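Laboratory data are not the source of any read-out in this text; all were calculated from the coordinates shown. Note that the structure is a prediction, hence the values are computed from the model and not measured. A quick note on method: Cβ atoms are made from the backbone with ideal geometry, for glycine too, and the neighbour counts reach across all protein chains shown.
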C-alpha cells in the first residue's frame, strides 16, 4: 500500500499519506519544477550521473538555481530507499522553485522544495521480470509535441500537460469505440514522428536501428541513450533522423524505451502489427546484462 511508504519532503521522511507541499509552491501553481524518474536495482541507482547531468540541464533551461549538490540529492534518495527497505524501486526526484509571491515572474532567490518518492518494482537484470505484462499497443494522436523554440524539449519539468492531453485523447478514442492503447505516439508540428507521451520510440528496418532525432521536440531519454550506445557497441547500425508515420509502419520491429519499462516491444501501431524481433531481443538482453553487471554484482 502507498500509505505504508515513506517519502522524503524537504529533508524529512514522512508517511506518504501525510506528505504535502504548500499550495503556494510554484511547482503546484505553474509546474515550475524539474524532475527525474530513476530506477533502483539492487539498491543502486542506475545511470545516476546521466540523470544528474540531465537534471542540471533542465534547471539551467528554466533558470532554476536550486543550490543543491548531487551528493545531497543522492543522500536523500538513498535515505528514502533505506527507510522503505527497498532495493528495487521506481524513484522520482522533484525540485521546485519553492514558495514565492503569487506572481508569474520567478524571483532570483530560491528556497527549493525537494521531494523524493518511491514505489517497489520487480528485480531487474538477467534474473528480473519486466514491469509490463504484454508488448505495447500504440495509437497515434492529434496532440502535437510542443516545439523546442517554445518550451525546451530536453527540459523534464512538472508541466506535463502536453503528455496528459495525448493520454486523454487515447481515453477519449477508447470511449468512442477504438481499441484501448497503452501509449500515445505524438508528432511534431511538421508531421514527423516524435515520441510517446512518456517514452521514446525506436524501430528496426533491414537490421538498422532508427529513432527520431533529439534535434526535434524529443526528450533525450536516459534509457534511449543507453540503448543506442549498446547498439553501437554491438555493431548494430544506428540512425537518428526525422521520420514519417509510414517509416514506422514499414518497420520490421519496434519498441519503446523509458526508465520503468526499459525496452517494451510495440505489438501494434494504429492497429497494424509490428512486434519485436531479433534486434529488440538482443538489445533487451544487452540491457539486462548491463544492469546485472552494474547493479547486482
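Taking only Cα atoms, what is the 0 to 90° angle, nearest 10, from helix 70-83's long axis to the longest principal axis of the chain?
Roughly 90 degrees between the two axes.
Of (i) 1.01; (ii) 1.09; (iii) 0.94, which is the value of Cα Rg over 2.2 N^0.38 Å derived from the coordinates here?
Answer label, from the structure shown: (i).
Once the Cα atoms of helix 278-291 and of the chain are each reduced to a long axis, what angle between those two axes, in degrees from 0 to 90 to the nearest 10, is obtained?
30
May I ask for the Rg/Rh ratio of the stretch 136-296, computed from Cα atoms with Rh as the Kirkwood radius, given to two decimals?
Working: Rg = 15.2 Å, Rh = 15.9 Å.
A ratio of 0.96.
Order 120-133, 141-154, 206-219 from most to least packed using the mean count of other Cβ atoms within 10 Å.
Working: 120-133: 14.5, 141-154: 16.4, 206-219: 19.1.
My ranking of the peptides, most packed first, is 206-219, 141-154, 120-133.
For residue 20 and residue 63, FRET efficiency with R0 = 22 Å and r from the beta-carbon atoms, rounded to 0.05?
Numbers: r = 26 Å, r/R0 = 1.19.
Here the calculated transfer efficiency is 0.25.
Defining a contact as two alpha carbons under 8 Å apart and six or more residues distant in sequence, what relative contact order in percent does the stretch 202-243 show? Don't skip to the end; give the middle numbers.
Working: 41 pairs, mean separation 21.3, N = 42.
Contact order relative to length: 51 percent.
To the nearest 0.05, how large is the calculated FRET efficiency for residue 175 and residue 30 if R₀ is 30 Å and r is the Cβ-Cβ distance?
Details: r = 30 Å, r/R0 = 1.01.
E between residue 175 and residue 30, to the nearest 0.05, is 0.50.
Measure off 7 Å from each Cα along the Cα-to-Cβ vector at residue 142 and residue 123, then give the distance between these two points in nanometres to one decimal.
Calculated label separation equals 4.8 nm.
By how many nm would the segment from residue 104 to residue 131 lengthen if fully extended, with 0.36 nm per residue of separation less the alpha-carbon distance? Walk me through the numbers on the way to the answer.
Values: separation 27, 0.36 × 27 = 9.72 nm, distance 3.92 nm.
Between residue 104 and residue 131, full extension yields an extra 5.8 nm.
Hey, for a label at residue 92 modelled as a point 7 Å past Cα toward Cβ, could you say which residues of the stretch 118-145 have their backbone N under 15 Å away?
Label zone hits: 118-121.
Of the peptides 273-279, 263-269, 87-93, how do they stack up when ordered by the mean number of other Cβ atoms within 10 Å, highest first? Before the final figure, lay out the partial values.
Values: 273-279: 16.0, 263-269: 22.6, 87-93: 19.6.
Taking the mean over residues of other Cβ atoms within 10 Å, the ranking is 263-269, 87-93, 273-279.
Can you grab the distance from the C-alpha centre of the stretch 113-145 to the C-alpha centre of the stretch 146-163, Å, no decimals?
About 20 Å separates the Cα centre of the stretch 113-145 from the one of the stretch 146-163.
Quick one: if you stick a label point 7 Å off each Cα along the C-beta vector at residue 79 and residue 247, how many nm between them?
Placing both labels 7 Å along Cα→Cβ, they lie 4.7 nm apart.
How big is D for the stretch 2-121, in µm² s⁻¹ as a whole number, if Stokes-Einstein is applied with the Kirkwood radius of its Cα pairs at 4 °C and 1.567 mPa s? Kindly include the intermediate steps, with their values, before the conclusion.
On the way: Rh = 14.7 Å.
Rounded, D is 88 µm²/s.
Using alpha carbon centroids, what distance separates the stretch 1-61 and the stretch 220-258, in Å?
28
Helix-derived [θ] at 222 nm for the chain: sum -39500 (n - 2.57) over DSSP H runs of at least 4, divide by residue count, nearest 500?
Calculated from helices alone, the mean residue ellipticity at 222 nm is -8000 deg cm²/dmol.
With a 10 Å radius around each residue's Cβ, average the other Cβ atoms per peptide and rank 100-110, 53-63, 12-22, highest first. It would help to have the intermediate numbers written out before the result.
Details: 100-110: 11.0, 53-63: 16.6, 12-22: 13.5.
The densest-packed peptide leads the list: 53-63, 12-22, 100-110.
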